[in-house]
Amino acid sequence: MAPTFNSIISSLPTDAVWGPQDPTEAEGIVNDMPYNPFSKGDKLGRLADWSGDSKNDRDQRTRGYGRNYRDQQIYGAGASTLFPQLQGEDEASFSLVDNRSNVKPRTPFSRGGGTVFRGRGRGAAGATRPGQRGQQFGRQQGGRQQGDSNRGARSNRGRRFGWKDYDKPQRNRDSSVVIKTDWKMLEEIDFNRLGKLNLEIDDGEDVESHGSLFYYNRSYDRSTTKATSTPLIIFDRAWYNPTTSVDPVIQKLAEHDEASVFATDTILSTLMCATRSVYSWDIVINRVGNKLYFDKREGSQIDFATVNENAADPPMDVSDSSKENINSPGRLALEASVLNANFAVQAVIEDPGQEVALEHEDPFHNPALGEDLAKKGYKYRRFDLSLSEDQPLHLIVRTEIDAVMKNPGSRENHLVTIKALNEFDERAQGSGGAMSWRNKLHSSRGAIVATEMKNNSCKLAKWTTQAILAKADFMRIGFISRVNPKEREKHVVLGVAGYKPREFAAQMNLSLSNGWGIVRTIIDMCMAMPEGKYILVKDPNKQVIRLYEVPPTSFEEDAEGEQTIEEEADE
């Protein structure tokens, strides 16, 4: 019987040395490290001991250890190691920690789930209760119901708001004025910078008052949509709204050095609410000596009331394919301006015996022309914009008042401004998701007003600013709708809402100090320029305003051309 390896080892003397017998052969090779013998014929096992299921096989192939290498042998693995470790004690101190976030799987019905049912899309959810809208909606689908059910959970999803907004064509609006090549751009300010400006000033003081006013008809405050609607009357009256530099009262005040800056409430409110504007506008600034006049061009868009300017999807511009569209921005603005002018006349009691005359007569009306004048009051008010006593700066603005009102038990007259919001077509493009005023104004007036604050933020902010500049006590806002949404000639008054200007400004988050900061910044920019004519233009497609220097004769040709057209039309 051949001796075994163990018998040979046991026969060796106790002082035998492991490894090569000749120390000279081992010098520099083993370096006093223990030597462990092995045989090339030993079965050393596999490189790794995996279970061999399909998943682990895939893992092995990913790591480079496929089936071709599972039986590969390596040398020296068959002998016991000379450095044994206590596996039990080592593994007892080890624990596996799950570092994944403990997030519960989302389901359509869990709080904060990814699927939201809106509108008709909630039909599948409502179908679990017989007789509900969801079940009715399922029956209405007819042949589509079977096809939708095959798509699984996708059939439960409603159309999300703003779907494919990225695929919509970019709207490129035209500028309110054509920028000519000989204009020199001086400054460019974005809305972010304008929004950080602030200037606290007092309420101002009255300098002069002109015109006369009638009392507001309180019966409109009690009108509701459930009662018979009041038709809107179109009056044949004369309205005057001249620009700043041609106002005879402002010319007189400028000669007496009552202030250094002059403007009208329409122009000034446009500048103070510039950060809310979307459409393009322009303001002409004339510097004569040490005085500034904020003017408007002949035919400027500043005098027109926009409609749904701030809506997420505002009315579309007129194109070649829709020239007859009555819901384009320009035609809606003209319609809204006509409604505002006529509703301010209709909402007062025209009793000559109850007429309240102000300090002076109307400065623009000429009785010799025989025109029937729309009664209105003009207050010229002065504001102190000085930053220090060494450099005083005052501004005079012409403000407008539409009526007076007496509170029960008080003999004091309160000043009122009258404006009108108009509903054109709740189903038309550009309606801004507004509710039907005829059905919801009586029961959900607050929701309708909140929607109008969103869709017409700039217009309402300008109206509120004008009322505060005039130091009016109350605002009256009428709700006027078309008799037929497809026609813009006939309208009805559905109701009137009353507000105090300061409280309404707080609801809209309107900052008057920010508006005055914008005004003061523009004044400082123009005062640093030499005498001449300038124009401030809001970019039609960006939140930017630019200041240009223009030739002194600019816009005079346009005014003469429009005057010639009017004379030819009269002939």
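Read the figures in this text as sums done on the coordinates, not as results from a lab. The structure presented is a predicted model; accordingly, all values stated were derived computationally and were not measured. Because the Cβ atoms are built from the backbone with ideal geometry, glycine has one as well, and the counts that use them run over all protein chains shown.
Panel values: the range 445-520, Kirkwood radius from alpha carbon pairs, Stokes-Einstein at 10 °C and 1.306 mPa s, translational diffusion coefficient 114 µm²/s. Computed over the range 184-570, the alpha-carbon pair-distance distribution with 10 angstrom bins reads 4, 22, 33, 27, 12, 2, 0, each value a whole percent.
Volume of the convex hull of the range 374-420 (Cα atoms only), normalised per residue: 134 Å³.
Panel order for ARG398, ARG445, by other beta carbons found within 10 Å of each beta carbon, from fewest to most: ARG445, ARG398. The fewest-to-most ranking of HIS365, HIS256 by surrounding Cβ atoms within 10 Å reads HIS256, HIS365.
In this Cβ point-charge picture (+1 for Lys and Arg, -1 for Asp and Glu), the range 184-570 has a dipole of about 2060 debye about its Cα centre. Less than 5 angstrom separates the built amide H of ALA238 from those of ASP372, LEU373, ALA374, all sequence-distant by 5 or more or on a different chain. Note on the range 379-533: the C-alpha convex hull projects to 13.6 nm² when averaged across all orientations.
Translational D (Stokes-Einstein, µm²/s) of the range 306-421 at 4 °C and 1.567 mPa s when Rh comes from the Kirkwood sum over C-alpha pairs? List each step's numbers first, then the result.
Working: Rh = 18.4 Å.
Value of D from the Cα-based Kirkwood radius: 70 µm²/s.
Over all orientations, the range 275-361 has a Cα convex hull whose mean projected area works out to 10.3 square nanometres.
Which of rounded, prolate or oblate describes the range 212-346 when judged by the alpha-carbon gyration tensor and an a/c cut-off of 1.5? Because a/c hits 1.5 or more and a/b fails to exceed b/c, the range 212-346 counts as oblate.
Of the GluC sites (Glu not before Pro) found in the range 230-327, those in coil by DSSP whose Cβ has at most 11 other Cβ atoms within 10 Å are GLU324. Shown here for the range 429-524: GluC sites (Glu not before Pro) in loop regions (DSSP other than H, G, I, E, B) with at most 16 other Cβ atoms within 10 Å, namely GLU487, GLU489.
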